[in-house]
Amino acid sequence: MRIPLTLVTGFLGAGKTTLINRLLRDPALSDTAVIVNEFGEVGIDHLLVEEASDGVIELSDGCLCCTVRGALVDTLVDLAARVADGRAARLKRVVIETTGLADPVPVLQALAAHAQLAEAFSIDGVVTVVDTLHGDGTLDEYEEARRQVAVADRLVLTKADQAQPEALAQLEARLGEFAPGAELVDAGKASATMLIDCSALDAGRRAARVAHASQHDHCHDHPHHHGDGCDHVHRHHHGAPFDTVFLSGEAPMPLAVLEGFLDLLRSQCGNHILRLKGLVETAETPERPLVVQGVRQILGAPRYLERWPDGTRGVRLVVIGTSLDAEYVRGIFSAFTGQARIDTPDRAALQENPLAIAGYSTGF
C-alpha cells in the first residue's frame, strides 16, 4: 500500500505554515510526516511547524525545485525504508511544504520519475495557498506564482475576510482561468479533509462538468466540440501562459489503447505538459477507475480506486501545459478513442506517422 503524498505550495507569505499548523491538529491528518523546504542557509520554518506523529523533516540550503531535489528524494527514500522495516511509526501520509519560490512541476517530476518513490508513495495532490490581499499583484509579477496556481488541485484562499468583495471576486475569477476545475477553499473554513484525495479523483469528478460549463459560458471565445467524447480547450486571459485541455469519452478504453495515446501524447507534447491527471474506465477493469497522473514526459505508477466516486464513468482527463497545440491533443485523443473527426487519421495511421494530423505545430 503506497503512502499518499500531498504537496503544499504557494508564494512567499501566502500562509502555508499557518495552514499546515492548524490542519495538523485535525484527526484526519494523524500519522502524518511533514517535510519542510526552506531557502537559505539558516532554516526557520521547521521551527514554526508543530510536530506531527513522525516529526518534521527540514530541507534547507536551497529550493526543492532545484538544488535540494536530490535531498528530497533521499529523505523520502529513507523515510519509506524506515517505515517498511519498522524503524519509524506507520504513516498514513506525507505532506511536503515547499518554499514560496518553488516551481512545483520539477518536484512532481522528480517524485514520479524515481522508481523507489513511485513504489512507496502516490502523489495525492497539489494544494496551493493564495494570499487574497496580494494575489493579483503576485500573479502579475512572478512566473513561479502562476505555475503554483496552474497545477493546483485545491486553491486555499487566505485573508479572504480582509479582502474587499469586488477584489476577491476578481481574484477568484482570475484563479478560475489559471486553474479551471481546481476547487477554491476559504482557509478559515478549510478542514484537513481538503488535503486528502484531491488530485486525479477530483479531476475525474469535475473535468466533464467544467468542460461542459466552459463550452456554454465561453462558446463565442473558445473552440469546442459537442456530443459523445466532447472536449475543450480553455485559453487563459490576463496574459496567463497556460492552456488546459479537457478530454472525455463515454466508452471504456482498453489499456493498450490508453497506453498508446499516452505514449504518443508525451513523446510529442511532453515538453509542453505541466500536468496530466484524471480517471479512466478501462475495458479490462471497468468497475475500478484507473488513476492517471503525469508530469512532463513522466507517467506515475498505475493506481486503481476501489470504486467510482460518482455515477459518471468513461474517460475524463485534464492536460495542463504551456503553448499546447490543443487541436493536436484533441486529434490524437479522438483517433485513439475512435471518435469521428473531419480530416483526422485513425489510430493506426497516427501511430505510424504522429505528424499526420493537420494543424500539428512543428514548435513541439
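The values are calculated or read from the model by the stated rules, or taken from the named source; none is laboratory data. For clarity, every value in this text was computed on a predicted model and none was experimentally measured. Because the Cβ atoms are built from the backbone with ideal geometry, glycine has one as well, and the counts that use them run over all protein chains shown.
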Exercise for the section: Working only within region 71-105, note down all residues that are surrounded by fewer than 17 Cβ atoms within 10 Å (Cβ to Cβ), of a type outside the set (A, V, I, L, M, F, W, C) and not in a loop (DSSP other than H, G, I, E, B). Expected result: D74, D78, R82
Completion exercise
Going through (1) out of contact with any Lys or Arg (no Cβ under 8 Å at 6 or more places or on another chain); (2) crowded, with 21+ Cβ neighbours inside 10 Å; (3) assigned to a helix (DSSP H, G or I) one by one, L108 fails only at (1)
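Pick from V94, V149: which is within 25 Å of V318 (Cα to Cα) and free of Cβ contacts under 8 Å to residues at least 60 places away in the same chain?
Working: V94 fails: free of Cβ contacts under 8 Å to residues at least 60 places away in the same chain.
Going through V94, V149 in turn, the sole match is V149.
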Problem - region 186-197, subset within 23 Å of L276 (Cβ to Cβ) and either more than 14 Å from the chain's Cα centre (by Cα) or not β-branched (V, I, T) (or both), residue modelled with the lowest pLDDT - result: D197
Problem - Residue in region 64-96 that is modelled with the lowest pLDDT, counting only those that are under 15 Å from V36 (Cα atoms) and in contact with a His (Cβ under 9 Å, 6 or more places away or on another chain) - result: V73
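Quick one: would you say K159 is among the basic types (K, R) and surrounded by fewer than 16 Cβ atoms within 10 Å (Cβ to Cβ)? Can you show your working first?
Values: among the basic types (K, R): yes; surrounded by fewer than 16 Cβ atoms within 10 Å (Cβ to Cβ): no.
When the stated conditions are applied, K159 does not pass them.
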Fill in the blank from the handout: Subset of region 1-31, residues hydroxyl-bearing (S, T, Y) and at pLDDT below 85, comes to T17, T18, S30
